[in-house]
Structure formats: structure tokens, C-alpha cells
Amino acid sequence: MTMPHPSRQPFLPCRGRPAGRAGFIAFYAFIMLLILGIFGISYWIVSRLTTDMIYKEATRIRARNFAQAGVEKVLINILNQYRLGNARLDYPSKYTLERIDKEYNVEFADGRYRVELVKPYSMPGTFKEMFGVPYYKNQVLIGFYDVWQVVVVGEVPATNITARVETLVKVIRNFVQY
């Protein structure tokens with residue numbers, strides 16, 4: 001086997017390979033590192049976004065739980081007033097403003113809820129309130145029912161996330177027991 005003349009193909013001093021092949025390997029290695037770097041950076045960005053979304057969803061759930069606590073407080077007040085015989089309790093109601101602020105605007109360590117609206121529900125497109133509607137069972141009038149519209153906002157101030165809960169509450173006032 002004859003070796004080519006040294007002036008035609010230069011040799012690398014360390015391995016004895018031609019210099020042209022070493023450039024191809026270096027270029028190929030650079031491209032592979034570039035592709036792996038792009039995949040690594042994209043994986044890091046996606047995992048970070050996923051973590052941020054998990055944290056935001058957790059605070060949304062916390063805000064919704066605060067709003068649900070406000071709805072539960074309104075339900076307790078409505079049922080207590082019905083037991084006392086007071087069926088008409090629009091918000092702001094007959095209570096003093098101090099008591100309304102205390103019960104319907106509550107601050108916790110990491111959030112708060114604020115009751116925005118408690119009123120009899122009126123169907124869309126009409127002005128008729130769903131208050132004192134006859135309640136029939138087996139075509140016999142056994143009482144009346146009221147539908148209350150309740151709107152509560154839960155807030156988490158640390159992350160500036162709010163959740164608004166709107167619900168309808170149906171209260172049946174039976175005068176016939178069987």
C-alpha cells in the first residue's frame with residue numbers, strides 16, 4: 001500500500017486522519033449540540049410554563065373557595081331569616097351597615113370574599129321577580145317558593161386573582177305538611 005504524497009493530503013499530527021474529515025466531524029458535532037440545546041431549552045420553557053400554570057390554577061381554586069365560603073355565609077343568613085319569619089331580605093338589608101360589612105366582607109390571612117348581590121331573581125327579559133311563586137305538588141298548592149340571586153367575589157390579593165361565583169338559591173316555604 002502506498003501512501004499519498006504529503007503535499008497532496010495533509011495529516012493530522014495526533015491521529016493520522018486527513019484534515020478535511022476532521023472539519024466535517026466538528027461541524028456535525030456542532031449541529032448535534034445545537035439541536036440538543038434547542039430541545040433542552042424548549043423542554044425547560046415548557047416545564048416552567050407548566051409549573052406556573054399549576055401555581056395559577058391553585059390560586060384560582062383558592063379564590064373560588066373564598067367565593068364559595070361567601071355563598072355559604074349568605075345561605076346561612078337566608079335560612080336564619082326565613083326561620084325568624086323574615087322572607088324579604090334584599091341586600092343591603094334591614095341590618096345596620098356595620099353588620100353587613102362584617103358578615104359579607106370577610107378578610108382571611110391569604111384572601112377575602114365580598115358579597116356583591118343578594119336579591120330576588122328576575123327572569124331574563126321580564127321584570128317579574130321569582131318571589132312568592134306558588135309551589136304545587138301533585139296539583140295541590142302546598143306553599144310558595146322564592147329564588148334568590150347571589151353574587152360573591154373571592155380574591156387572593158397576593159397574586160391579584162379573583163373568582164366570581166353567581167348562583168341561584170331556591171327556598172321553599174311550605175304551609176302544608178304531610
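The table below gives the values:
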{"quantity": "Förster-model FRET efficiency, 41 Å R0, E57 and R21, C-beta, rounded to 0.05", "calculated": "0.15"}
{"quantity": "Rounded if a/c under 1.5, otherwise prolate or oblate - the range 20-174, Cα gyration tensor axes", "calculated": "prolate"}
{"quantity": "Phi-based couplings in Hz for the range 103-113 (Karplus 6.51, -1.76, 1.60; Gly and Pro marked x)", "calculated": "8, 9, 9, 10, 9, 10, 5, 10, x, 7, 10"}
{"quantity": "Rough spin-label spacing in nm, given labels placed 7 Å along Cα→Cβ, for K119 and L141", "calculated": "2.8 nm"}
{"quantity": "J(HN,Hα) series, the range 52-66, from Karplus relation 6.51 cos²θ - 1.76 cosθ + 1.60, nearest Hz, glycine and proline x", "calculated": "4, 5, 4, 5, 5, 5, 5, 6, 5, 5, 4, 5, 5, 5, 4"}
{"quantity": "By average C-beta atoms within 10 angstrom, highest first, the peptides 148-160, 28-40, 104-116", "calculated": "148-160, 104-116, 28-40"}
{"quantity": "Ranked list, fewest to most other Cβ atoms within 10 Å of each Cβ, for K73, K119", "calculated": "K119, K73"}
{"quantity": "Long-range HN-HN contacts of L117 with modeled amide H, under 5 Å", "calculated": "V151"}
{"quantity": "³J(HN,Hα), Karplus 6.51/-1.76/1.60, whole Hz, each residue of the range 23-28, x for Gly, Pro", "calculated": "x, 5, 5, 5, 5, 4"}
{"quantity": "Distance between modelled label sites at N160 and K128, nm, 7 Å Cα→Cβ extension", "calculated": "4.6 nm"}
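Values quoted throughout were computed directly from the atomic coordinates according to the rules given, and no laboratory measurement underlies them. Predicted model only: the values in this text are computed from it and were never measured. Cβ coordinates were reconstructed from backbone atoms using ideal geometry, including for glycine residues, and neighbour counts include every protein chain displayed.
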